[in-house]
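To keep things clear, I will list the structure first and then write my remarks on it.
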Amino acid sequence: MVSVRSGAAESMPGMMDTVLNLGLNSETVEALARKTENRRFAVDSYQRFIKMFGNVVMHIPKKKSEEVFEEQGESIDFKIGIMIETPRAVLMADGMAEDADFFSFGTNDLTQMTYGYSRDDASKFINYYIENDILSDDPFEVLDKKGVGKLVSWAVGNGREVKSELKIGVCGEHGGEPQSIQFFCQQGLDYVSCSPFRVPIARLTAARANLKNRTSYN
């Protein structure tokens, strides 16, 4: 399975749309079915590709996909999500929540866009800033709660004001950093996504934060 993230003007600002299962067509789906010995999986993957390609590239709304499924007498369960990576996307969270099933904060890029730092160049001066008390931590390692954190809180609040059941998570290195995870739990995020080697500490920190929150509520 392959995914492609669109960087075209139509998918910006503030969100990077994803097209999954690129390369599947009426021929390759049969090969996938034979290889996996699971035809249902292959067909579902192909349908998911068609739906995402139609929505992201051809701008066919989700409602239209549902009409096609009804006509064909088949359907798959799918969700549409938005990746929030710029301050403007944060400000538009309430409007985007109307059409989204979930939000995912790309905090690496959101930090970069908020600070106006290039991640490629930041390593040249970040340590100087920390040594001279301009910054308390590297914001690409520990979430800046006073700045980027406020943007996260804003988007969560405004998104769920429109859709209370909206699922919200974070994708990036902050998703595996203990202080940042504690903050995300306090904001009511549903999940964090991080590098594989950070998963154990992420799970432990999230569990501790949830227990702490339950205790404080009681």
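Values as computed for the structure displayed
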item	result
Extension gain from Tyr191 to Arg88, taking 0.36 nm per residue of separation minus the Cα-Cα distance	34.8 nm
Burial ranking of peptide ranges 149-155, 107-113 (average Cβ count within 10 Å, highest at the top)	107-113, 149-155
Karplus-derived 3J(HN,Hα), 6.51/-1.76/1.60, for each residue of the stretch 123-138, Hz, glycine and proline x	4, 6, 10, 4, 4, 5, 4, 5, 4, 9, 6, 7, 10, 7, 9, 5
FRET E, pair Arg119, Glu161, Förster distance 25 Å, beta-carbon r, rounded to 0.05	0.20
Fully extended contour minus Cα-Cα distance, from Thr28 to Lys212, at 0.36 nm per residue	61.3 nm
For Ser104, residues with placed amide H under 5 Å, excluding near neighbours	Ile82, Met83, Ile84, Gly169
Members of Lys124/Lys167; Lys167/Lys212; Lys79/Lys124; Lys145/Lys167; Lys35/Lys167; Lys35/Lys163 lying beyond 30 Å, as alpha-carbon distances in this model show	Lys124/Lys167; Lys79/Lys124; Lys35/Lys167; Lys35/Lys163
Surface accessible to a 1.4 Å probe, per residue, for the residues of the stretch 84-209, Å²	52 Å²
Cβ-derived FRET efficiency at R0 35 Å, Asn127 paired with Ile201, nearest 0.05	0.90
Protein accessible area in the stretch 131-178, 1.4 Å probe - carbon and sulfur %	49 percent
In order through the stretch 81-95: 3J(HN,Hα) via Karplus (6.51 cos²θ - 1.76 cosθ + 1.60), integer Hz, x for Gly, Pro	x, 10, 9, 9, 10, 9, x, 5, 4, 4, 5, 9, 4, 5, x
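The values are calculated or read from the model by the stated rules, or taken from the named source; none is laboratory data. Since we're looking at a predicted model, the values are computed, not measured. As a convention, Cβ positions derive from the backbone with ideal geometry for all residues, glycine included, and neighbour counts pool all protein chains shown. Quick note on the areas: whole protein, heavy atoms, side chains included, nothing else; ligands and nucleic acids left out. Shrake-Rupley method; radii C 1.70, N 1.55, O 1.52, S 1.80 Å.
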